[in-house]
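**Q** This is the structure, below, for whatever I ask next.
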Ligand SMILES: [Fe+2]
């Protein structure tokens, strides 16, 4: 039905135009590659981690107490640049606790680390590339805007180290690392929180 076809094309063109993408070619519609970012000084070596390193950072197995902070679900998919899902990949996150303390001896702040917070966790992507974590919203850390560190592996090989940010956080504009990114790069690593039936969540795809 030519009429329907035309209107659909018109709709797509209009939507892309509204997004400011009309002058970009088809390849540019593919997802923005996740920009790399420095690892930072507080990546926990295996000996520094809790015995529990699963994808629920809010609850440590065997403990009654849960982490303090604003809990949410971080999820998304790991994709290649053509949008194909990358299953079976190890993805790690680590971040400071609700008081801005890292689970790392190099963090010299005189604050006790939240004993209910796992600080580090990993997931293995599903066949559709999906990953998920239950964790807390990141908070400001001296000199940094809130962020969650992310690492992606291909077997034992690290293929990406990056950081996720809170979309629209007022401290982003003062953050040295955040400001190194283009707008498109920043969007690719920004968490937008949405309320769902199972609580708040943010969806961030990782594209390599
Ligand atoms: Fe950090």
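**Q** Which of (1) crowded, with 20+ Cβ neighbours inside 10 Å; (2) under 18 Å from residue 50 (Cβ atoms); (3) within 14 Å of the ligand (Cβ to nearest atom) is the odd one out, the single condition residue 107 does not satisfy?
**A** For residue 107, the failing item is (1).
**Q** Now for a separate question. For region 39-68, enumerate the residues that are within 15 Å of the ligand (Cβ to nearest atom) and either in a loop (DSSP other than H, G, I, E, B) or not assigned by TED's automatic domain parsing to the domain that holds residue 121 (or both).
**A** Step one: filter region 39-68 for residues within 15 Å of the ligand (Cβ to nearest atom), giving 39-44, 48, 57.
Correct list: 39, 40, 41, 42, 43, 44, 57.
**Q** Among (1) more than 14 Å from the ligand (Cβ to nearest atom); (2) at pLDDT below 95; (3) crowded, with 16+ Cβ neighbours inside 10 Å, which single condition is residue 156 missing?
**A** Condition not satisfied by residue 156: (3).
**Q** Output the qualifying pairs, or none if there are none: Cβ atoms under 6 angstrom, residues six or more apart or on different chains, first residue in region 82-111 and under 23 Å from residue 60 (Cβ atoms), second residue within 11 Å of the ligand (Cβ to nearest atom) and at pLDDT below 95.
**A** The qualifying pairs are 96/141; 100/141.
**Q** Within region 141-153, how many residues are within 14 Å of the ligand (Cβ to nearest atom) and not in a loop (DSSP other than H, G, I, E, B)?
**A** Of all residues in region 141-153, those within 14 Å of the ligand (Cβ to nearest atom) come to 141-151.
Within this subset, residues satisfying the condition of being not in a loop (DSSP other than H, G, I, E, B) are 141, 144, 147-151.
Total satisfying the criteria: 7.
**Q** Still on this structure, please answer the following. Which of the residues belonging to region 54-74 are under 22 Å from residue 131 (Cα atoms) and free of Cβ contacts under 8 Å to residues at least 60 places away in the same chain?
**A** Of all residues in region 54-74, those under 22 Å from residue 131 (Cα atoms) come to 54-61, 66-67, 69-74.
Hits for region 54-74 are 60, 61, 66.
**Q** Does residue 193 satisfy being surrounded by fewer than 19 Cβ atoms within 10 Å (Cβ to Cβ), in contact (Cβ under 8 Å) with a residue 40 or more places away in the chain, more than 12 Å from the ligand (Cβ to nearest atom) and under 30 Å from residue 87 (Cα atoms)?
**A** In short, yes.
The values are calculated or read from the model by the stated rules, or taken from the named source; none is laboratory data. These figures come from a predicted structure and were not determined experimentally. Note that we place each Cβ from the backbone using ideal geometry, even for glycine, and neighbour counts take in every protein chain shown.
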